[in-house]
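Data first, discussion second: the structure below is written as structure tokens.
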């Protein structure tokens with residue numbers, strides 16, 4: 001960023017953020033909606049989560065503003081992803097105006113024309129990267145994919161396996177995720193889900209776990225039914241198979257983190273089943289073993305696959321007991337394996353640490369955290 | 001004004017009048033100077049340009065001053081801040097309302113989940129208890145009465161204990177539902193409770209008939225063995 005005083009920007013942002021990230025974001029969105037009321041419709045009624053995301057993204061961008069090259073992939077993903085909200089080129093200058101006005105408002109006397117021009121220039125670079133990525137993506141893919149719920153199979157009262165059919169095939173790789181909007185039932189709220197089957201068909205299998213108070217998961221598990229429309233965003237994620245590797249695989253899944261693992265297993269089978277694979281699936285109580293039949297069928301069907309289910313808090317379980325990460329590390333030597341971990345943030349953190357402590361090289365571990373939904 | 005005196009005014013902006021009043025010293029002797037008329041015509045053109053540009057600059061300066069005054073107007077800034085404040089408050093109200101709704105939904109699900117988990121562990125306990133009582137009953141039957149009698153005693157006790165447990169459990173569930181329903185719809189709950197009470201009287205009469213039937217069955221089974 002030539003000519004821009006990046007240290008000045010960082011200092012200014014820190015001073016502004018000290019007023020409270022939420023208040024700053026509140027002012028920003030109020031300013032944007034006051035000057036461009038038509039943008040209000042792009043957001044859901046409650047903006048708490050959106051404000052957190054905005055401050056998080058801004059903080060990340062500002063902290064990296066000296067290493068723009070590192071930022072570019074992040075901005076490209078962001079720009080491509082924003083297409084699903086209906087973001088268009090003309091929106092970007094409006095956002096820039098409100099951003100500068102917000103910074104000016106909270107800077108008080110410390111604001112000067114150098115800050116104003118530096119912020120405008122920095123924003124311009126960010127916006128250009130995002131818009132260019134969006135335009136590039138527009139050449140080959142739609143902003144979102146229309147889909148319809150085919151079936152909701154409530155395995156327990158809070159875990160459902162949904163079958164969803166897309167109008168056009170969604171170009172993802174087994175293990176990748178995409179954002180889902182329940183367009184009819186809960187518009188403008190997007191949450192990430194991972195299909196449990198590899199690409200090939202227009203039908204997708206989604207595993208949804210009801211998160212208390214979560215608008216999208218509650219809708220998908222309790223309210224959704226056949227015919228309800230969904231929208232799916234562009235696929236992202238690094239929980240994918242490494243085509244250049246022929247190492248055996250260790251898959252560790254907690255709860256609905258099972259979904260990407262099922263997709264990986266199906267992909268491995270489609271590729272010929274040449275890699276020895278061990279899948280550890282862990283839950284707290286027996287009732288949460290929501291896909292036992294499918295797992296048993298996979299274990300039986302493939303001699304290169306072993307499936308172990310571990311339950312951590314239920315005395316009724318006759319099989320492996322304990323936290324799935326702990327069960328996995330004592331079950332064998334995985335130091336020469338490619339490891340994949342998916343589940344709740346605490347589960348992933350604990351499991352990855354255990355794997356590293358037990359000799360699995362960090363570069364061979366891929367993980368994805370399933371957060372709030 | 002001569003071109004010489006002009007130098008002392010160089011710092012000040014040149015006006016059209018300055019240009020028109022400027023005279024140039026005549027060339028001495030040989031006529032190596034410029035054509036007087038051409039120079040005058042040129043100077044006139046410059047003067048006209050300067051006049052025009054000066055007028056434009058003045059217009060722009062006035063406009064900037066007007067705009068600056070409007071932007072800096074205290075009640076315009078205030079109005080914008082007021083509008084922002086209203087929008088912010090509205091957003092905060094919306095956020096709180098949705099957060100409350102989500103929290104309520106979360107509590108309902110958490111209650112359901114712990115209720116379900118409690119019910120499952122209770123059911124596990126009850127099943128164990130039923131089996132224990134049935135074992136006791138089977139053991140109580142003296143050895144010489146034979147395997148069939150022992151098994152019958154076991155099964156009958158198991159059935160009785162399980163049925164009692166199920167009835168108590170279901171009654172508990174119904175009471176729980178009635179309580180929740182009653183909180184929401186008091187009159188309807190009262191009417192339902194009256195109906196349920198009447199229903200229970202009939203059921204307890206049926207139980208007596210059922211047990212009699214069962215005893216008859218046992219007797220006939222025992223009879224056919226012989």
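The values are calculated or read from the model by the stated rules, or taken from the named source; none is laboratory data. Every value quoted in this text rests on a predicted model; they were computed, and no experiment measured them. Every residue, glycine as well, gets a Cβ built from its backbone with ideal geometry; the counts of neighbours run over all protein chains shown.
Annotation: of all residues in the stretch A:200-233 being in contact with a helix residue (DSSP H, G or I) (Cβ under 6 Å, 6 or more places away or on another chain) and closer than 23 Å to residue A:168 by Cα, the one that is nearest to the other protein chains (Cβ to nearest Cβ) is A:208.
Scanning the stretch A:30-50 for residues that are under 21 Å from residue A:123 (Cα atoms) and within 9 Å of chain B (Cβ to nearest Cβ), which turns out surrounded by the fewest Cβ atoms within 10 Å (Cβ to Cβ)? Restricting to residues being under 21 Å from residue A:123 (Cα atoms) and within 9 Å of chain B (Cβ to nearest Cβ), the top hit is A:34. Checked against (1) touching a residue at least 60 places away in the same chain (Cβ under 8 Å); (2) within 14 Å of chain B (Cβ to nearest Cβ); (3) over 25 Å from the mean Cα position of the chain (by Cα), residue A:317 passes all but condition (1). Selection of the stretch B:100-115 for residues being at the interface with chain A (Cβ under 7 Å from one of its Cβ atoms) and over 21 Å from the mean Cα position of the chain (by Cα) yields B:112, B:113. Take residue A:81 and tell me if it is modelled with pLDDT under 90 and surrounded by 17 or more Cβ atoms within 10 Å (Cβ to Cβ). So residue A:81 passes the test.
Of all residues in the stretch A:313-323, none satisfies being touching a helix residue (DSSP H, G or I) at 6+ places or on another chain (Cβ under 6 Å), crowded, with 16+ Cβ neighbours inside 10 Å, within 20 Å of residue A:175 (Cα to Cα) and not assigned by TED's automatic domain parsing to the domain that holds residue A:196.
When residues in the stretch B:81-99 are screened for being more than 16 Å from residue A:40 (Cα to Cα) and facing another protein chain (nearest Cβ under 7 Å), 2 of them pass.
Would you point out the residue of the stretch B:105-131, among those that are modelled with pLDDT of 85 or more and surrounded by fewer than 12 Cβ atoms within 10 Å (Cβ to Cβ), that is nearest to residue A:313 (Cα to Cα)? Once the filter is applied, the top-ranked residue is B:125.
When the helices (runs of 4 or more DSSP H) confined to the stretch A:3-74 are screened for residues that are under 26 Å from the mean Cα position of the chain (by Cα), within 25 Å of residue A:134 (Cα to Cα) and at pLDDT below 95, those reaching at least 2 such residues are found at A:48-63.
Within the group A:72, A:65, which residue is buried (at least 17 other Cβ atoms within 10 Å of the Cβ), within 20 Å of residue A:124 (Cα to Cα), away from chain B (no Cβ under 14 Å) and touching a helix residue (DSSP H, G or I) at 6+ places or on another chain (Cβ under 9 Å)? Step through it out loud before you land on a result.
Details: A:72 fails: buried (at least 17 other Cβ atoms within 10 Å of the Cβ).
Only one candidate passes the filter, namely A:65.
Do the conditions hold for residue A:341, that is, is it under 25 Å from the mean Cα position of the chain (by Cα) and under 24 Å from residue A:208 (Cβ atoms)? For residue A:341, the condition - under 25 Å from the mean Cα position of the chain (by Cα) and under 24 Å from residue A:208 (Cβ atoms) - is met. Scanning the stretch A:320-335 for residues that are under 10 Å from residue A:250 (Cβ atoms) and in contact (Cβ under 8 Å) with a residue 40 or more places away in the chain gives A:328, A:331, A:332, A:334. When restricted to residues that are surrounded by 14 or more Cβ atoms within 10 Å (Cβ to Cβ) and more than 10 Å from chain B (Cβ to nearest Cβ), the stretch A:8-24 contains 11.
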